[in-house]
Amino acid sequence: MKILVTGGYGMMGRTIHSLIQNTNKKDNFIFLSRKECDLTKRNEVLAYFRKYKFDYVIHLAAAVGGLYKNLDSNINMFSDNIKINENILEACHLNGIKRGIFCLSSCIYPKNPSKFPMDESMVHESPPHPSNEGYAYAKRMLELQTRQYNKTYGYQYICVIPVNLYGPYDNFNLKDSHMIPGLMHRFYLTSLTGEKYEAYGTGKPYRQFLYSFDFAKIILTILFDKDTTRLQNTEPIICCGDKNEPKEYTIKNIVDILADVMDINKELIYWNTNKSDGCMKKTVTNEKLIHMYPDISFTSLEDGLQETYSWFIDNFDTIRK
Ligand code: GFB
């Protein structure tokens, strides 16, 4: 059995790589980097798939970034992701790949949904938040295309929709990263200068979080699920970081927890309200995932942040920043 992991050197790719190292499946995986194959180039993708003959695909590769990267690059976020997804799906179909995991994100959901928490049926209900509409519409098209392939050919192309992910191997770039790695990196640099700690926005928006290792376990559980009926014509599956009621935090809650983890004096934190808040709330429910896989467990946000910070400090010289 041969499994392709696109985005093999991103946070989730490296996390899956780390998880399978001590298993008997490790030689079945091929982790693809953008240096080996430019997924926006159709001919490169088709040639790469013809060469390796994969049985499964875990499609994680995407043009991604936090709120501020999306605000700056909605054009490329749409065009690059549309090309990547179209090329991967065509290559999967042409090479007879019948099961795959395709990664979306909770930020593709409607800006003004009919209800909270949102569930899998609401992805296309109304327009996404304008801050990342390029990325959101490209990923919504991935959901549409996988559903069409499943209906037409009986494939099991499963879309998973994680809430905000964080963990080791993340991109800690101060400008383009997501909130947790961006804050962690900036707070760390500030701690070396004794100046005040800057957080962006008002701190009022709500977010949900999922630790990268928990998400990697969910992906592998679904991929190797032997109960094919459970996965037939499966709509997307939302993946949050908790078992019961959706747990969401304000950005300020997160900043306070992170300050405790990093042993920072909260009195020295100030909010730069010239920076956009982005989407105020995008609460989704895990209910379907827990019904399908009741034994899944989750890492608490405090533990996940502690593990991420320890990894960040230990690997500071080589991390993506
Ligand atoms: O993770 P993030 O950048 O993206 O979070 P989104 C942005 C929220 O965190 C905003 C606040 O409310 C920011 O004001 N924030 C506070 C910060 N300090 C910082 C900081 O230092 N850096 C950043 N980045 N934010 C993304 C989508 O939305 O969600 C992406 O744009 C992606 O497409 C991702 O899907 C999962 O959660 O707002």
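Taking every pair of alpha-carbon atoms in region 83-207, what share in percent sits in each 5 Å bin, from 0 to the bin with the longest distance?
In whole percents, the pair-distance histogram is 2, 9, 15, 17, 16, 14, 11, 7, 5, 3, 1, 0, 0.
Would you tell me the accessible area of Ile82, worked out with a 1.4 angstrom probe on the heavy atoms of the protein chains, in Å² to the nearest 10?
Taking all protein chains as shown, Ile82 has close to 50 Å².
What is the mean projected area of the alpha carbon convex hull for region 267-321, to one decimal in square nanometres?
Details: hull surface 29.1 nm².
Convex hull of Cα atoms, orientation-averaged projection: 7.3 nm².
If amide H atoms are built 1.01 Å from N in the plane of the peptide, which residues on other chains or at least 5 residues away come under 5 Å of the amide H of Phe29?
Ile3
Write down, largest first, the equivalent ellipsoid semi-axes of region 184-297 in whole Å, where each equals the square root of 5 times an eigenvalue of the alpha-carbon gyration tensor. Could you put the intermediate results ahead of the total?
On the way: eigenvalues 263, 48, 25 Å².
Over the Cα atoms of region 184-297, the ellipsoid semi-axes are 36, 16, 11 Å.
Rounded to whole Hz and in sequence order, give me ³J(HN,Hα) for region 8-21 from the Karplus expression 6.51 cos²θ - 1.76 cosθ + 1.60, θ = phi - 60°, writing x for Gly and Pro.
x, 10, x, 4, 6, x, 5, 5, 5, 4, 5, 5, 8, 4
How far apart, in nm, are the 7 Å Cα→Cβ label points at Met292 and Asp263?
Label at Met292, label at Asp263, 4.3 nm between them.
Whenever you get a sec, line up Thr40, Thr152 from highest to lowest accessible area (probe 1.4 Å, protein heavy atoms).
Ranked list, largest accessible area first: Thr152, Thr40.
May I ask you to evaluate 6.51 cos²θ - 1.76 cosθ + 1.60, the Karplus curve with θ = phi - 60°, for each residue of region 148-159 and list the ³J(HN,Hα) values in order in whole Hz, giving x for glycine and proline?
Each residue of region 148-159 in turn: 5, 5, 4, 5, 7, 10, x, 6, 10, 8, 9, 8 Hz.
I'd like the orientation of helix 301-314 relative to the chain: the angle between its Cα long axis and the longest Cα principal axis, in ° from 0 to 90, rounded to 10.
Once rounded, the angle reads 90 degrees.
Relative contact order for the chain: what percent, with Cα pairs under 8 Å and sequence separation of 6 or more?
Working: 596 pairs, mean separation 62.0, N = 321.
RCO, the chain: 19 percent.
Ordering His59, His93, His129 by accessible area with a probe of 1.4 Å, largest first, what comes out?
Numbers: His59 0, His93 50, His129 30 Å².
Accessible-area ranking of His59, His93, His129, largest first: His93, His129, His59.
In Å, the Kirkwood hydrodynamic radius of region 136-227 over pairs of distinct alpha carbons? Walk me through the intermediate numbers first.
Working: mean 1/r = 0.0610 Å⁻¹.
It is 16.4 Å.
How much accessible surface does Tyr9 have with a 1.4 Å probe, in Å² rounded to 10?
Tyr9 exposes around 120 Å² with every protein chain in place.
Per DSSP H run of n ≥ 4, the term is -39500 (n - 2.57); total these for the chain, divide by its residue number, and report the mean residue ellipticity at 222 nm rounded to 500 deg cm²/dmol. Before the final figure, lay out the partial values.
Details: 11 runs with 129 residues, N = 321.
It comes out at -12500 deg cm²/dmol, rounded to the nearest 500.
Could you tell me how many cubic angstrom of Cα convex hull volume region 1-137 has per residue?
Details: hull volume 17.4 nm³, N = 137.
Spread over its residues, the Cα hull of region 1-137 gives 127 Å³ apiece.
Need one number: % antiparallel among DSSP beta bridges in the chain, to the nearest 5. Could the numbers behind the result be given before it?
Details: 3 of 31 bridges.
Just about 10 percent of them are antiparallel.
Cα-Cα over 21 Å: which of Lys111/Lys204; Lys217/Lys288; Lys243/Lys288; Lys98/Lys226; Lys204/Lys282; Lys217/Lys282?
On the way: Lys111/Lys204 16 Å; Lys217/Lys288 16 Å; Lys243/Lys288 11 Å; Lys98/Lys226 13 Å; Lys204/Lys282 13 Å; Lys217/Lys282 23 Å.
The pairs that break the limit, which is 21 Å between Cα atoms, are Lys217/Lys282.
Show me, for region 181-189, the HN-Hα J-couplings you get by feeding each phi into the Karplus relation (A = 6.51, B = -1.76, C = 1.60, θ = phi - 60°), rounded to Hz, glycine and proline as x.
Ordered by residue, 3J(HN,Hα) equals x, x, 5, 4, 5, 5, 4, 4, 5 Hz.
Mind checking which aspartates and glutamates have their C-alpha under 14 Å from Lys51, skipping anything on the same chain fewer than 8 residues away?
Glu36
Can you check how the C-alpha radius of gyration of the chain compares to 2.2 N^0.38 Å, as a plain ratio? Working shown, then result.
Values: Rg = 19.2 Å, N = 321, 2.2 N^0.38 = 19.7 Å.
Ratio of Rg to 2.2 N^0.38 Å for the chain: 0.97.
The values are calculated or read from the model by the stated rules, or taken from the named source; none is laboratory data. Only a predicted model underlies this, so the values are computations on that prediction, with no experimental measurement involved. For neighbour counting, all protein chains shown are included, and Cβ atoms are generated from backbone atoms with ideal geometry for every residue, glycine included. Ligands, DNA and RNA are excluded from the accessible area calculation, which covers all protein heavy atoms including side chains. Shrake-Rupley method; radii C 1.70, N 1.55, O 1.52, S 1.80 Å.
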